[in-house]
């Protein structure tokens, strides 16, 4: 059933499944990047001091 709906959306709206999924995930990927950026900066600064 999912494949049928995916095909229908692609034909009716020209919707790309991968593009729609990546747009939904983009805010979470940005948040992950921001959260990981802080510890990464601290790690780099610590290694340059030693």
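Laboratory data are not the source of any read-out in this text; all were calculated from the coordinates shown. The structure displayed is predicted, hence computed values, not measured ones. Positions of Cβ are backbone-derived with ideal geometry, glycine not excepted, and every protein chain shown enters the neighbour counts.
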Could you work out how much longer the chain between residue 28 and residue 13 gets when fully extended? Use 0.36 nm per residue separation minus the Cα distance between them, nm to one decimal. 2.9 nm
On Cα atoms only, tilt of 17-49 relative to the major axis of the chain in degrees: 10 degrees
Relative compactness, the range 2-49, computed as alpha-carbon Rg over 2.2 N^0.38 Å: 1.99
Can you tell me the 0 to 90 degree angle between the C-alpha axis of helix 2-13 and the longest principal axis of the chain, rounded to 10? 80 degrees
Using a 7 Å offset from the Cα along the Cα-to-Cβ direction at both residue 49 and residue 20, what is the distance between the two label points in nm, to one decimal? 5.0 nm
